[in-house]
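K.L.:
The structure follows.
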Amino acid sequence: LGYPDQGLTRSHEAVTLAQQVAHPFSLCFAWSSTALFFTFRLDTHAAQDRAAATVLLATEQGFPQLRAYGSMLHGWALAHQGQAQAGIEQIHQGLTAWCATGAELSRPYFLALLAEAHGTMGQPEAGLTVLAEALTLTDTTGERVWEPELYRLKGVLLLQQSADNHEEAQACFQQALDVARSQQ
């Protein structure tokens, strides 16, 4: 909601509390949530660190959904650190594992991570194809929490594809702002 310092404090508090109660699932969830938080801040190294901790603990404890979640966030971090192909592969593997658990929640966001990774490789068309799937899912499921990010990213990829897409990209950015404002 525009309070990144408060979010950082709460993120650290959640991890500390989970460590104090020594509850593996809570700790794994706190680390995965913290990794997600760092993706929002574009802090690739912190996101990668928390995501790797999530994957390790989730693997040890047998938490397949959190393992998949951490894997996708780790892939995003790799893509932004110059290892885009490895990141894309990891996001794909994480998405497959996520869906294998029967989970659907947050899939539009995970597809956005994949689309963004394609953008880091200079593949805007592939990213736009993935975003089309994410937007269709948003309409189908009604899960709209990620909708502003999907439109923002669509605008970015349209501009990466061609400067001639300026008007369409501007419409996407405006849509992202409008939806975000309506969601407060």
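K.L.:
Does SER106 satisfy the criteria of being modelled with pLDDT of 95 or more and open to solvent by less than 60 Å² (accessible area, probe 1.4 Å)?
P.N.:
Taking the combined requirement at face value, the residue does not satisfy it.
K.L.:
Would you check if there is a residue in the stretch 97-108 being in contact with a Gly (Cβ under 9 Å, 6 or more places away or on another chain) and closer than 15 Å to GLY127 by Cβ? Spell out the reasoning first.
P.N.:
Going through the stretch 97-108, the residues in contact with a Gly (Cβ under 9 Å, 6 or more places away or on another chain) turn out to be none.
There is no residue in the stretch 97-108 that is in contact with a Gly (Cβ under 9 Å, 6 or more places away or on another chain) and closer than 15 Å to GLY127 by Cβ.
K.L.:
Checking GLN81 against (1) buried (at least 21 other Cβ atoms within 10 Å of the Cβ); (2) closer than 18 Å to LEU114 by Cβ, which single condition isn't satisfied?
P.N.:
Evaluating GLN81 over (1) buried (at least 21 other Cβ atoms within 10 Å of the Cβ); (2) closer than 18 Å to LEU114 by Cβ leaves (1) as the failure.
K.L.:
Out of LEU73, LEU66, which single residue is open to solvent by less than 20 Å² (accessible area, probe 1.4 Å), more than 18 Å from ALA115 (Cα to Cα) and within 14 Å of the chain's Cα centre (by Cα)? Quick ask: steps written out before the conclusion?
P.N.:
Values: LEU73 fails: more than 18 Å from ALA115 (Cα to Cα).
Going through LEU73, LEU66 in turn, just one is open to solvent by less than 20 Å² (accessible area, probe 1.4 Å), more than 18 Å from ALA115 (Cα to Cα) and within 14 Å of the chain's Cα centre (by Cα): LEU66.
K.L.:
Is one or more of the residues making up the stretch 152-174 of a type in the set (D, E, K, R) and within 14 Å of ALA115 (Cβ to Cβ)?
P.N.:
Of the residues in the stretch 152-174, the ones of a type in the set (D, E, K, R) are 152, 154, 164, 167-168.
Within this subset, residues satisfying the condition of being within 14 Å of ALA115 (Cβ to Cβ) are 152, 154.
Yes.
K.L.:
Follow-up question, since we're still on this one. Given the criteria surrounded by fewer than 17 Cβ atoms within 10 Å (Cβ to Cβ), out of contact with any Asp or Glu (no Cβ under 9 Å at 6 or more places or on another chain) and charged (D, E, K, R), does GLU89 qualify?
P.N.:
Details: surrounded by fewer than 17 Cβ atoms within 10 Å (Cβ to Cβ): yes; out of contact with any Asp or Glu (no Cβ under 9 Å at 6 or more places or on another chain): yes; charged (D, E, K, R): yes.
Yes, satisfied.
K.L.:
Being of a type outside the set (Phe, Trp, Tyr), closer than 23 Å to GLU149 by Cβ and touching a His at 6+ places or on another chain (Cβ under 7 Å) is true for just one of GLN48, GLN65. Which residue is that?
P.N.:
Numbers: GLN65 fails: touching a His at 6+ places or on another chain (Cβ under 7 Å).
Residue meeting the stated conditions: GLN48.
K.L.:
Collect the residues in the stretch 80-95 that are over 18 Å from SER32 (Cα atoms) and part of a helix (DSSP H, G or I), keeping them in residue-number order.
P.N.:
Those that are over 18 Å from SER32 (Cα atoms) and part of a helix (DSSP H, G or I): ALA84, GLN85, ALA86, ILE88, GLU89.
K.L.:
Additional query: Among the residues of the stretch 6-63, how many are in a loop (DSSP other than H, G, I, E, B), over 15 Å from the mean Cα position of the chain (by Cα) and within 27 Å of CYS99 (Cβ to Cβ)? Steps first, please.
P.N.:
Here is the first cut: in the stretch 6-63, the ones in a loop (DSSP other than H, G, I, E, B) are 22-23, 41-43, 62-63.
Checking the rest, the ones that are also over 15 Å from the mean Cα position of the chain (by Cα) come to 22-23, 62-63.
If we keep only those that are within 27 Å of CYS99 (Cβ to Cβ) too, we end up with 23, 62-63.
The qualifying residues number 3.
The values are calculated or read from the model by the stated rules, or taken from the named source; none is laboratory data. Values in this document were obtained by computation on a predicted structure and should not be read as measured data. Cβ atoms come from the backbone with ideal geometry, glycine included; neighbour counts cover every protein chain shown. SASA here: full protein model, heavy atoms, side chains in, ligands and nucleic acids out. Shrake-Rupley method; radii C 1.70, N 1.55, O 1.52, S 1.80 Å.
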